[in-house]
Amino acid sequence: MLQININGTLAAIYRAMCSLDASAGFAPDYAHSIRVATMCMAVGKSLNFPEKRLQSLVACALLHDICSPPPYKVIGESVPSQECLQEHCRIGQSMLDLLPLPTPIDGFILYHHELADGSGAFGMSAEQVPFEASLICLCGFLDMTVDFDKIGPTGLPTLRKTLQYGDFDRFNPHAIKALLKVLDGKLLHLLRSDLTYLFWEAFPPCNLHLNNNALYKLGAFVAHLVGAQSEYTREHSLQVANIYWLLGRERGYDKNLLAELYLVGCMHDCGKLSLSGRLLDKKSRLDTVEMQIIETHAHLSQIVLRSIAGASPLCEWASNHHERLDGSGYPNGLRARELDEPSQLLAVCDVYEATGASRPYHPRRSPRQIRSIIGKMSDAGKLNPEMVAQACGVLGHYRPGHVPAPSTIEQTTVLL
Ligand SMILES: [Fe+2]
Ligand SMILES: [Fe+2]
Ligand SMILES: [Fe+2]
């Protein structure tokens with residue numbers, strides 16, 4: 001079973017969220033989610049939450065607005081419509097349901113815009129909402145109404161009064177009581193924007209062993225995250241993952257390795273999250289400098305995978321997907337003897353998918369056209385010829401861009 005580092009995973013996702021906000025043109029408040037998570041961590045600790053429950057709460061607080069910018073940013077109003085809020089909450093919950101976390105998080109994100117008087121996104125009462133969701137809601141609202149950088153220690157008594165007697169009567173009273181218990185000078189200090197790095201120090205170390213089902217879900221999570229920036233990269237990543245899995249199965253790899261291949265396929269281009277969406281989806285051909293910028297993504301994908309999976313060989317497979325057997329690839333110009341089998345196979349899958357895909361500068365190509373292009377690369381000593389032959393044989397049965405997911409193939413195989 002693959003061990004992943006939850007701390008590194010959350011940090012990588014947080015960095016991705018900041019990049020997404022910036023490339024979508026929002027003035028990102030990078031520290032908002034960290035401040036909400038810092039408040040939730042203080043409350044969870046003071047209520048003696050078991051460590052795993054605390055980790056799940058803090059992770060949800062940190063990622064509560066994932067893949068769906070808060071509605072007030074989208075429509076530029078302080079009171080977004082109910083439908084808008086519901087959609088925002090649904091997207092966030094469905095994303096985090098894919099993420100491996102230590103304990104179940106049912107409703108934590110779905111109900112993070114519920115108010116105790118039933119006037120929230122889904123009109124739920126305080127009793128129907130998990131405490132974690134009420135707490136995220138309260139801390140999120142407090143952070144949006146208070147500037148913790150300006151308030152200073154002298155503002156603490158006023159802040160506490162506001163929570164007790166001000167607008168906050170619409171929030172869960174248990175959450176308010178729990179927040180008041182920890183809202184002191186020390187917490188105020190930790191909520192300053194220039195001290196957000198302390199949050200990462202305070203998050204309890206957490207490693208999880210993922211079963212194969214969790215690996216598939218994590219792969220889907222990353223592909224969706226990438227898709228928030230570039231729809232093409234999302235489709236491409238999922239197709240590469242399907243092809244990688246299918247060719248791996250053809251080569252007789254076991255179930256555990258196949259699940260790892262799927263995850264790496266979904267993640268191989270995640271380094272593109274650090275690049276501008278405009279550059280990724282540019283309709284015309286890229287110039288030399290733009291190409292150099294794009295090429296950094298292979299190394300960036302390796303950095304993301306390292307923060308998630310540590311020293312696992314999966315990181316090398318991802319970063320090697322643009323290497324070529326004759327040393328002409330990037331980022332390191334590695335040659336055949338330096339590239340292991342999964343690295344060479346991923347390069348074939350990536351080229352096959354990208355060659356067949358519809359792009360602004362070339363239309364979708366048929367399996368025959370792909371065979372001709374990829375065959376020339378194999379003849380030139382750039383791709384493994386045996387793997388290229390296998391890819392052309394196996395994938396010739398599928399319309400380019402329509403290779404089914406492993407779950408669909410396995411169901412079909414069982415039925416046969
Ligand atoms: Fe939200
Ligand atoms: Fe790539
Ligand atoms: Fe790719």
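Of the three principal axes defined by the Cα atoms of segment 31-207, the extents in descending order read 40, 40, 30 Å. Please report the net charge: other residues with Cβ closer than 13 Å to the Cβ of residue 128, K and R +1, D and E -1. Value of the local net charge: -4.
Here the sum of -39500 (n - 2.57) over DSSP H runs of 4 or more residues, divided by the residues of the chain, equals -18500 deg cm²/dmol at 222 nm, to the nearest 500. As a size descriptor, the averaged projected area of the C-alpha convex hull of segment 151-214 was calculated at 7.1 nm². Classify segment 211-415: rounded, prolate or oblate, from the alpha-carbon gyration tensor (a ≥ b ≥ c, eigenvalue square roots; a/c under 1.5 rounded; otherwise prolate if a/b is larger than b/c)? Cα axes put segment 211-415 in the rounded bin. Measuring against 24 Å, Cα to Cα, the residue pairs 45/217; 45/150; 217/382; 45/186 contain 45/217; 45/150; 217/382 as the ones spanning a longer distance. Straight-line cross-link partners of residue 282 among the lysines, defined as a Cα under 22 Å from its Cα and at least 8 positions apart when in the same chain: 272. Measuring spread by the Cα atoms of the chain yields a radius of gyration and Dmax of 23.6, 76 Å. Segment 119-230 has equivalent-ellipsoid semi-axes of 32, 21, 14 Å, by the square roots of 5 times the alpha carbon gyration tensor eigenvalues, sorted largest first.
Under the convention that each Lys and Arg Cβ holds +1 and each Asp and Glu Cβ holds -1, the size of the dipole of the chain around its Cα centre is about 480 debye. Of the peptides 270-277, 13-20, the ranking by mean beta-carbon count within 10 Å, highest at the top, reads 270-277, 13-20.
Volume per residue of the convex hull around the Cα atoms, evaluated for segment 279-354, comes out as 104 Å³.
Any read-out appearing in this document is the output of simple, stated calculations on the displayed coordinates, not a laboratory observation. Note that the coordinates shown come from a computational prediction; the quantities given were computed from them, not determined experimentally. Because the Cβ atoms are built from the backbone with ideal geometry, glycine has one as well, and the counts that use them run over all protein chains shown.
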